[in-house]
Amino acid sequence: MPLETNGRLIEPARLRTLLGAAAGRFDVDSLAECESTNTELLARAERGAPSGSVLVADRQTAGRGSRGRTWLASPEASLTFSLLWRFDGGLERMSGLSLAVGLAVVEALEACGASGVKLKWPNDILHDGAKLGGILVELHNELRSDVFGEANAAMAVIGIGLNLTLPASIVSADDFALPPAALARAVSTMPERHQLFAQLLIALTRVLDRFAEHGFSGLREQWQARHAWQGLPVRLLRDGSVLKEGVCLGADDDGALLVRTADGVERCLSGDLSIRPQ
């Protein structure tokens, strides 16, 4: 896939034409390289960047995944970006946001012709059980002032990374908690990069608007339908050690993982837990 004339893989002006009615919801900046789109966008948010700000980078030199893992993005083999989104109400209303974002990503990939793409609680995108992408949501509390006084608000910096193809540098799946996958294997015709990005932003607009109004409960049914291990026997792990075994019941209205074990239904919210099929 050739570079655009500005020397970067994403041309914001071209992207705007594909966003249609949603174009006014976003302010997109494209960088050739940065340490981390989440870190840079958070800094911009603290300087007053508006909701809907998007930062996409061809290369991240210190990209971050969940639990502090490093995310290394190869320019043409991946699409990595961060989105700033603000919500009314405090952080207590943000339960299940990473699951909602995952749903938006899968819906966008489906709109691009992908099949077999599923969700893994709480923040992974899978294809045939392998990791196609990941999500990192960082939440911060804000105070908003208006004529009625001050009110709590929530600010989310949403980082999304997708493997479009698998670079030759990946020689073994043994180096990963889950083997890597790529979008190229999930579609019959690979979408053009701008078209894919536009579909992702359009889906995020739709899902985040619904989340703002109804919380995760308004999206739970759609998420369950795309959950990779719904109704299947699973193991819950922490730092590689098995804590519980049972049948995965999906997520509740707050986005907590539900697993039926020998001791009853376990409700899991901790981000340091991993789930694996038995």
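The values are calculated or read from the model by the stated rules, or taken from the named source; none is laboratory data. These numbers were taken from a predicted model, which means no experiment stands behind them. Cβ: placed from backbone, ideal geometry, glycine included. Neighbour counts: every protein chain shown.
Some observations on this one:
- Failed item, numbered, when Gly240 is tested on (1) more than 26 Å from Ser51 (Cβ to Cβ); (2) buried (at least 16 other Cβ atoms within 10 Å of the Cβ): (2)
- Remark: pairs (first residue in segment 95-106, under 19 Å from Cys268 (Cβ atoms); second residue surrounded by fewer than 24 Cβ atoms within 10 Å (Cβ to Cβ) and among the basic types (Lys, Arg); Cβ separation under 6 Å; 6+ apart in sequence or on different chains) are absent.
- Some residue of segment 209-220 being surrounded by 14 or more Cβ atoms within 10 Å (Cβ to Cβ), under 19 Å from the mean Cα position of the chain (by Cα), part of a helix (DSSP H, G or I) and of a type in the set (A, V, I, L, M): yes
- Here Gln224, Gln199 are screened, and the one residue that is surrounded by 14 or more Cβ atoms within 10 Å (Cβ to Cβ), assigned to a helix (DSSP H, G or I) and free of Cβ contacts under 8 Å to residues at least 60 places away in the same chain is Gln224.
- Leu196 being under 25 Å from Ala49 (Cα atoms), modelled with pLDDT of 95 or more and in contact with a helix residue (DSSP H, G or I) (Cβ under 8 Å, 6 or more places away or on another chain): yes
- Subset of segment 1-46 (residues that are at pLDDT below 95, of a type outside the set (Val, Ile, Thr) and either assigned to a loop (DSSP other than H, G, I, E, B) or buried (at least 18 other Cβ atoms within 10 Å of the Cβ) (or both)): Met1, Pro2, Leu3, Glu4, Asn6, Gly7, Arg8, Leu9, Cys34, Glu35, Ser36
- With respect to the stated conditions, Gly161 is modelled with pLDDT of 90 or more, in contact with a Phe, Trp or Tyr (Cβ under 8 Å, 6 or more places away or on another chain) and small (Gly, Ala, Ser).
- Scan segment 89-129 for residues that are small (Gly, Ala, Ser) and on the phi < 0 side of the Ramachandran plot and the total you get is 10.
- Selection status of Ala198, closer than 15 Å to Leu109 by Cα and among the aliphatic types (A, V, I, L, M): yes
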